[in-house]
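In what follows, a single structure is set out as structure tokens and then discussed.
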Amino acid sequence: MSDPLRALRPWESPEVTSWGRLPMNALDRRTGALPLDGDWRFQLLPAPDAPVQGVWSSQPVPGAWTVQGTDDLPQYTNFAMPWGEFPPDSPAANPTGVYEREVDVPAAWAGRRIVLQVGAAGSVLLVHVDGRPVGVSKDSHLAAEFDLSGVVRPGGRAVLRLTVVKWSDASHLEDQDQWWHAGITRPVLLYATDPLRLADVTVRTRCDGTLRVDCQVRDAGGALPAGWYVTGELDGRLLTQDQEFERFKEKDGRVSDFLGEARLGTVVADARPWTAETPALHPLTVRLHRADGSVADTSHHRVGFREVEIRGRDLLLNGERVYIRGVNRHDFHPLTGRTVSYEDMRADLVTLKRFGFNAIRTAHYPNDPSLLDLADELGFYVIDEANIEAHDHAHEIADDPRYLGAFVDRVSRMVLRDKNHPCVIVWSLGNESDYGANHDAAAGWVRRHDPTRPLQYEGAAKLDWADPTVASDIACPMYAPLEDCVAHALSGRQTKPLIQCEYSHAMGNSNGTLADHWEAIESTPGLQGGFIWEFWDHGILQRVNDGRPAGRGGAGLYDHGVTTPGHRWAYGGDFGETIHDGAFVADGVVFPDRTPKPVMFEHREIAAPVRLAYTGGELRVTNHQHFRGLDRLAAEWRLSLADGGTRTAPAELPRVPAGGSAVVPMPFTLPEEGGEAWLTLRVTTADEEAWAPRGTEVCVPQVRLRAASRTVSATATAPGPPVEVDEDGLLVHPLLTAAPVLSLWRTPTDNDELGGMAARWRAWGLDATRRTLLDVRRGNTGVTVIAEYTTLAGAVRHEQVFTRVGGGIRIEETADLPQGLTDVPRVGSVFETVAGLDVLQWYGQGPWESYPDRSTGAPVGHHSLPVDELFTPYLRPQESGGRHGVRRFTLSAPDGTGFTVALDEPRQVSVTRYRDEDLAAAAHHDELVARPGCVVRLDAAHRGLGTASCGPDTSPGHLVRAGTHRWSWTLRPR
């Protein structure tokens, strides 16, 4: 017998968005439902019209078959489709998963309406029960519901078959920057309702405590029975019927035989407003009653009293202009692909909260509904984005009438599902899909259905940030240069809030100039924040021996960003794909195991709720929050003295409101003599928070109380044996296995490679300079060595003066870069040590990695780490492990032997186990072999990181230019 669903061929019919699927609503039917998760019979067909075979395997639901042991493996592309067919076509080789299981329908459900809910399946879902076609759904990131009342028997058993087609016309709308997966990726359940039921509930609030609840009622039998009514209560307080609304229905003819409407309301005088800082939630229960008063249906919600509006060029939350400190987030897990547990989502948000983020853009589709529950509870502002990205064919699809229904369907279903969440403050029409009539149609639907929230779409806003287009209330450009944003805000033409939907691309060792962005945002009216791209490095845990995903069995095989032997983090191309975009999928602020990258500490200090200033001998503390006082925070003073260690003292934070500040007494008396002195306020949570236990570090603002009083170069020479250099003019030292030489190269970061700088540096030959000794001059107190380093842009003259000082050696260096070397990665020294020097202690910025344009989050102090923990394991090996602003450091062995280096001024320093050529030769960290000694780099100047892999490069002030560079340092045995 032919299958009518396959005969319809919905996978190549863009006009068909669904068949037999129930309308979306904002009701949570999980309570009392029959979960259908677990092992299902499974077979993977080569195409959707291939016949089902008699041999079945088993697959867990939810999950993606691409990480569950099948031969259809993950594939990563950024915007290019993984096959060449044009919309709306899909390839003939089209993996299709068939899931099947028996379902025992509870006998207690007799007389009730029975509904199947499939949480997410992509890209096309076909539903059959006992061989009968039930429905079709598209949209890989929203649930689909089907009424099974007429096809299953309570007390009986039914065979449920879910067929998932991987590629379809809909795939052209789901061309997002992520791994391509397929399967049933969210939970499946069966639930029952009374035939008379709540069809939808819409909650609207104001921050003054006004609550309005609109209810829609339907009956499975057709016409609604007479006498039904709706009641509600909030915090145990009964809501009242809106009589004016009832009169309006009668007058306007809104009374229907099949759709009932009711409105409830109240004003809660003592309502606690909802904000990201104060996420107060009030339990709401709505009940539908029959004429005799019995309850036919119940719906539970959590209400947050808040208002969102745009006034002029400001986005306001409860009347306050708030900074949007956001990140873009995918549903991702390194073992299970797009299937993410509640516990994992909570861990995502807890991590973000602890590092100062207050906003999430659900890139580029509605995330799992539990994420919004958690955002309501923990406190996040959410830009809810529809599952629309037609990146490879954006211009054609934006105006294609065949896709009109899909645009409106995807946007409207997102709004219908998520409209009652206070965390959702803005709707987004999707991402990178050009701009066309289909967007305007979807925008029109949203504005009519939900006038309480703004709407945004980057594809419309980028045409002209001041353009009053219907499709975007917010100017939300992507990777706009900072100077352009400031110029626009100062131009007098700005008409909308400017909040970048993506900025500061976090690929590899990146996020340079993040502090510059926020200095401009906080000082320029009209600029209000943005969303870093993105939260996750999307590395999939891969077994090296067979190249396959580790799957669910890989739990425990990674920690702190590092995998166990025999495994690695896979990126594009690692699963044999010929069409892919490499490591561009590894562009998050956390590693695949959620370990924070160093940029997270940078962001934490930039977003610090407490600020510290020291001017004119006055110490001032400022509350930089929007709504809360400082009562939830505790603090401790720390004084770091360059020559005297660290002192601590308890701190009492002033009682100031949000935005307020106060002068506080100096907690320490400085010694009359001494070097630098830095005062740090270590701020922690004072009590248990939903996102952190008591004592969790929140921020560490720091001010300098006194500058350095002397430099290393002033150290007097001392008698002793002459400094020894070999025949090549290279320093001979018992603790060094490779003498200090000039370094102009760094292993390219992802930004260096994709921004084009690395290619220019290689063209100049900076990765393979040839050293030629020009002269060695021996004097009474030291040795001068002059060498030349050949580049294709001209020769670099390098001079080293070695002088014996106080039991050590002072090295004074000069490098003259020709004008052809207009922008180099570094100028400095590199040398290697003997084995056994395994601990680095330093005075400078730390303890985590920092660079010249990403150092705000690394306070000055005394730090110590094992050498093996200094290196940051970015998924593609590259320049990493640097520490900015180092004044001195000591490398030591367990027996206390080693050496100390004192620098003439704060410099960029790195100590790792790898040479540049080691890093450049490796595509993954499992290919790296650590050297027994240390590779030490001391830089007179080091280029900023920028974000040029996708976005602006570093600022001009962080480039390393041609000309003369001087630096000096002293090497002393311990």
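Give me the pairs: first residue in the range 454-473 and among the charged types (D, E, K, R), second residue in a loop (DSSP other than H, G, I, E, B) and at pLDDT 75 or above, beta-carbon distance under 6 Å, and six or more apart or on different chains, which are they?
Matching pairs, first to second residue: GLU458/CYS476; LYS462/PRO477; ASP473/PRO454.
Which one is farthest from VAL698 (Cα to Cα), of the residues in the range 238-277 that are surrounded by 17 or more Cβ atoms within 10 Å (Cβ to Cβ) and of a type in the set (S, T, N, Q)?
Filtering the range 238-277 for residues that are surrounded by 17 or more Cβ atoms within 10 Å (Cβ to Cβ) and of a type in the set (S, T, N, Q), the one farthest from VAL698 (Cα to Cα) comes out as THR266.
From the list ASP581, ASP593, pick out the single residue that is surrounded by fewer than 22 Cβ atoms within 10 Å (Cβ to Cβ), touching a Pro at 6+ places or on another chain (Cβ under 9 Å), in contact (Cβ under 8 Å) with a residue 60 or more places away in the chain and not assigned by TED's automatic domain parsing to the domain that holds PRO82. Break it down stepwise before answering.
On the way: ASP581 fails: touching a Pro at 6+ places or on another chain (Cβ under 9 Å).
None of the other options fit; the residue is ASP593.
Can you tell me which residue within the range 84-137, out of those that are of a type in the set (D, E, K, R) and in a strand (DSSP E or B), is farthest from ASP71 (Cα to Cα)? Please lay out each step first, then the result.
As a first pass, look at the range 84-137 and keep what is of a type in the set (D, E, K, R): 85, 89, 100-102, 104, 112-113, 130, 132.
Still in the list and also in a strand (DSSP E or B): 100-102, 104, 113, 132.
Numbers: GLU100: 20, ARG101: 22, GLU102: 26, ASP104: 32, ARG113: 40, ARG132: 30 Å.
Out of the qualifying residues, it is ARG113.
Checking GLN819 against (1) in contact with a strand residue (DSSP E or B) (Cβ under 9 Å, 6 or more places away or on another chain); (2) at pLDDT 95 or above; (3) surrounded by 16 or more Cβ atoms within 10 Å (Cβ to Cβ); (4) within 22 Å of ALA940 (Cβ to Cβ), which single condition isn't satisfied?
GLN819 satisfies all of (1) in contact with a strand residue (DSSP E or B) (Cβ under 9 Å, 6 or more places away or on another chain); (2) at pLDDT 95 or above; (3) surrounded by 16 or more Cβ atoms within 10 Å (Cβ to Cβ); (4) within 22 Å of ALA940 (Cβ to Cβ) except (3).
Could you please find all residues in the range 21-60 being in a loop (DSSP other than H, G, I, E, B), closer than 20 Å to GLY97 by Cβ, touching a residue at least 60 places away in the same chain (Cβ under 8 Å) and not acidic (Asp, Glu)?
Taking the range 21-60 first, the residues in a loop (DSSP other than H, G, I, E, B) are 21-33, 36-37, 46-56.
Then keep just the ones that are closer than 20 Å to GLY97 by Cβ; that gives 21, 36-37, 46-56.
Those left that are additionally touching a residue at least 60 places away in the same chain (Cβ under 8 Å): 21, 36-37, 48.
Matches in the range 21-60: ARG21, LEU36, PRO48.
For the range 88-100, indicate whether the set of residues that are under 24 Å from PRO369 (Cβ atoms) and in the same structural domain as GLY156 (by TED's automatic domain parsing) is non-empty.
Residues of the range 88-100 that are under 24 Å from PRO369 (Cβ atoms), as a first pass: 97, 99.
Of the ones still in play, those that are also in the same structural domain as GLY156 (by TED's automatic domain parsing) are 97, 99.
Taking every residue of the range 88-100 in turn, at least one turns out to be under 24 Å from PRO369 (Cβ atoms) and in the same structural domain as GLY156 (by TED's automatic domain parsing).
Could you run through the range 474-488 and say how many residues are farther than 27 Å from ALA442 by Cβ and touching a residue at least 60 places away in the same chain (Cβ under 8 Å)?
Counting residues in the range 474-488 that are farther than 27 Å from ALA442 by Cβ and touching a residue at least 60 places away in the same chain (Cβ under 8 Å) gives 2.
Are any residues in the range 875-914 without any contact (Cβ under 8 Å) to a residue 40 or more places away in the chain and surrounded by fewer than 21 Cβ atoms within 10 Å (Cβ to Cβ), and if so, which ones? Give the derivation first.
Residues of the range 875-914 without any contact (Cβ under 8 Å) to a residue 40 or more places away in the chain: 881, 895.
Within the range 875-914, ASP895 is the sole residue that qualifies.
Take ARG647 and tell me if it is in contact with a Phe, Trp or Tyr (Cβ under 7 Å, 6 or more places away or on another chain), without any contact (Cβ under 8 Å) to a residue 40 or more places away in the chain and not small (Gly, Ala, Ser). Explain how you work it out, then say what you get.
On the way: in contact with a Phe, Trp or Tyr (Cβ under 7 Å, 6 or more places away or on another chain): yes; without any contact (Cβ under 8 Å) to a residue 40 or more places away in the chain: yes; not small (Gly, Ala, Ser): yes.
Here the answer is yes, as ARG647 does meet what is asked.
I'd like the residue in the range 717-768 that is surrounded by 15 or more Cβ atoms within 10 Å (Cβ to Cβ) and of a type in the set (D, E, K, R) and, out of all such residues, is nearest to ARG826 (Cα to Cα).
So, considering only residues that are surrounded by 15 or more Cβ atoms within 10 Å (Cβ to Cβ) and of a type in the set (D, E, K, R), the one nearest to ARG826 (Cα to Cα) is ARG746.
Can you tell me how many residues within the range 333-366 are closer than 14 Å to LEU378 by Cβ, of a type in the set (Gly, Ala, Ser) and surrounded by 24 or more Cβ atoms within 10 Å (Cβ to Cβ)?
Summing the residues that are closer than 14 Å to LEU378 by Cβ, of a type in the set (Gly, Ala, Ser) and surrounded by 24 or more Cβ atoms within 10 Å (Cβ to Cβ) in the range 333-366 gives 1.
Just for the range 318-332: of the residues that are surrounded by 24 or more Cβ atoms within 10 Å (Cβ to Cβ) and among the hydrophobic types (A, V, I, L, M, F, W, C), which one is farthest from CYS476 (Cα to Cα)?
Per the stated criteria, the residue is PHE332.
Going by the conditions given, is ASP219 without any contact (Cβ under 8 Å) to a residue 60 or more places away in the chain, within 30 Å of LEU238 (Cα to Cα) and touching a Ser or Thr at 6+ places or on another chain (Cβ under 6 Å)? If you could, list the steps in order and put the result at the bottom.
Numbers: without any contact (Cβ under 8 Å) to a residue 60 or more places away in the chain: yes; within 30 Å of LEU238 (Cα to Cα): yes; touching a Ser or Thr at 6+ places or on another chain (Cβ under 6 Å): no.
Spelling it out, it is not the case that ASP219 is without any contact (Cβ under 8 Å) to a residue 60 or more places away in the chain, within 30 Å of LEU238 (Cα to Cα) and touching a Ser or Thr at 6+ places or on another chain (Cβ under 6 Å).
Taking the stated definitions as given, is PRO671 surrounded by fewer than 19 Cβ atoms within 10 Å (Cβ to Cβ), touching a Phe, Trp or Tyr at 6+ places or on another chain (Cβ under 7 Å), touching a residue at least 24 places away in the same chain (Cβ under 8 Å) and not assigned by TED's automatic domain parsing to the domain that holds THR947?
Numbers: surrounded by fewer than 19 Cβ atoms within 10 Å (Cβ to Cβ): yes; touching a Phe, Trp or Tyr at 6+ places or on another chain (Cβ under 7 Å): no; touching a residue at least 24 places away in the same chain (Cβ under 8 Å): yes; not assigned by TED's automatic domain parsing to the domain that holds THR947: yes.
Against the criterion (surrounded by fewer than 19 Cβ atoms within 10 Å (Cβ to Cβ), touching a Phe, Trp or Tyr at 6+ places or on another chain (Cβ under 7 Å), touching a residue at least 24 places away in the same chain (Cβ under 8 Å) and not assigned by TED's automatic domain parsing to the domain that holds THR947), PRO671 does not qualify.
Tell me the residue from THR872, THR856 that is in contact with an Asp or Glu (Cβ under 6 Å, 6 or more places away or on another chain), under 28 Å from ARG974 (Cα atoms) and either of a type outside the set (S, T, N, Q) or surrounded by 18 or more Cβ atoms within 10 Å (Cβ to Cβ) (or both), please. I'd like the intermediate steps shown before the answer.
Working: THR856 fails: under 28 Å from ARG974 (Cα atoms).
Checking each option against the conditions leaves just THR872.
When you check THR278 against the structure, is it of a type in the set (Val, Ile, Thr) and either without any contact (Cβ under 8 Å) to a residue 60 or more places away in the chain or in contact with a helix residue (DSSP H, G or I) (Cβ under 7 Å, 6 or more places away or on another chain) (or both), yes or no?
Working: of a type in the set (Val, Ile, Thr): yes; either without any contact (Cβ under 8 Å) to a residue 60 or more places away in the chain or in contact with a helix residue (DSSP H, G or I) (Cβ under 7 Å, 6 or more places away or on another chain) (or both): no.
Answer is no for this residue.
Anything in the range 945-974 that is buried (at least 23 other Cβ atoms within 10 Å of the Cβ), in contact with a Lys or Arg (Cβ under 9 Å, 6 or more places away or on another chain) and part of a loop (DSSP other than H, G, I, E, B)? List them, or say none.
Passing the criteria: LEU945, THR954.
Which of the residues spanning the range 22-66 are closer than 30 Å to VAL203 by Cα and out of contact with any Leu (no Cβ under 9 Å at 6 or more places or on another chain)?
Matches in the range 22-66: LEU22, ASP28, THR31, GLY32.
Residues are listed down the side, and each one gets a yes or a no for (1) among the small types (Gly, Ala, Ser); (2) more than 26 Å from ASN751 (Cβ to Cβ); (3) touching a strand residue (DSSP E or B) at 6+ places or on another chain (Cβ under 9 Å):
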| position | (1), (2), (3) |
| --- | --- |
| GLY881 | yes, no, yes |
| LEU891 | no, yes, yes |
| SER910 | yes, no, yes |
| ARG913 | no, no, yes |
| ASP918 | no, no, yes |
| ALA922 | yes, no, no |
| LEU938 | no, no, yes |
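Condition (residue is over 18 Å from VAL286 (Cβ atoms), outside any strand (DSSP E or B) and in contact with a helix residue (DSSP H, G or I) (Cβ under 7 Å, 6 or more places away or on another chain)) applied to the range 256-263: is it met by at least one residue? Before you say what the answer is, go through the steps one by one.
Quick first cut of the range 256-263, residues over 18 Å from VAL286 (Cβ atoms) only: 256-258.
Then keep just the ones that are outside any strand (DSSP E or B); that gives 256-258.
Next cut, in contact with a helix residue (DSSP H, G or I) (Cβ under 7 Å, 6 or more places away or on another chain) only: none.
No; the residues of the range 256-263 include none that is over 18 Å from VAL286 (Cβ atoms), outside any strand (DSSP E or B) and in contact with a helix residue (DSSP H, G or I) (Cβ under 7 Å, 6 or more places away or on another chain).
Per-residue answers, yes or no, for (1) in a loop (DSSP other than H, G, I, E, B); (2) in contact with an Asp or Glu (Cβ under 8 Å, 6 or more places away or on another chain):
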site	(1), (2)
GLN878	yes, yes
HIS884	no, no
ASP895	yes, no
ALA902	no, no
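Quick check on my filter: what residues within the range 166-186 are assigned to a strand (DSSP E or B) and among the polar types (S, T, N, Q)?
Start the filter on the range 166-186 by keeping residues that are assigned to a strand (DSSP E or B), which leaves 174, 178-180, 183-186.
Correct list: GLN178, THR185.
Exactly one condition in (1) modelled with pLDDT under 95; (2) not aliphatic (A, V, I, L, M); (3) not in a loop (DSSP other than H, G, I, E, B) is false for ASP270; which is it?
(3)
With respect to the numbered conditions (1) assigned to a loop (DSSP other than H, G, I, E, B); (2) crowded, with 24+ Cβ neighbours inside 10 Å, which one is the sole condition not fulfilled by PHE575?
(2)
Since ALA815 meets every condition but one in (1) in a strand (DSSP E or B); (2) more than 26 Å from LEU903 (Cβ to Cβ), which condition does it not meet?
Checking ALA815 against (1) in a strand (DSSP E or B); (2) more than 26 Å from LEU903 (Cβ to Cβ), the one that fails is (2).
Yes or no: VAL52 among the aliphatic types (A, V, I, L, M) and surrounded by 19 or more Cβ atoms within 10 Å (Cβ to Cβ)? Spell out the reasoning first.
Details: among the aliphatic types (A, V, I, L, M): yes; surrounded by 19 or more Cβ atoms within 10 Å (Cβ to Cβ): no.
Considered against the rule, which asks whether it is among the aliphatic types (A, V, I, L, M) and surrounded by 19 or more Cβ atoms within 10 Å (Cβ to Cβ), VAL52 comes out as no.
The values are calculated or read from the model by the stated rules, or taken from the named source; none is laboratory data. Since we're looking at a predicted model, the values are computed, not measured. Neighbour counts run over all protein chains shown; Cβ positions are idealised from the backbone, glycine included.
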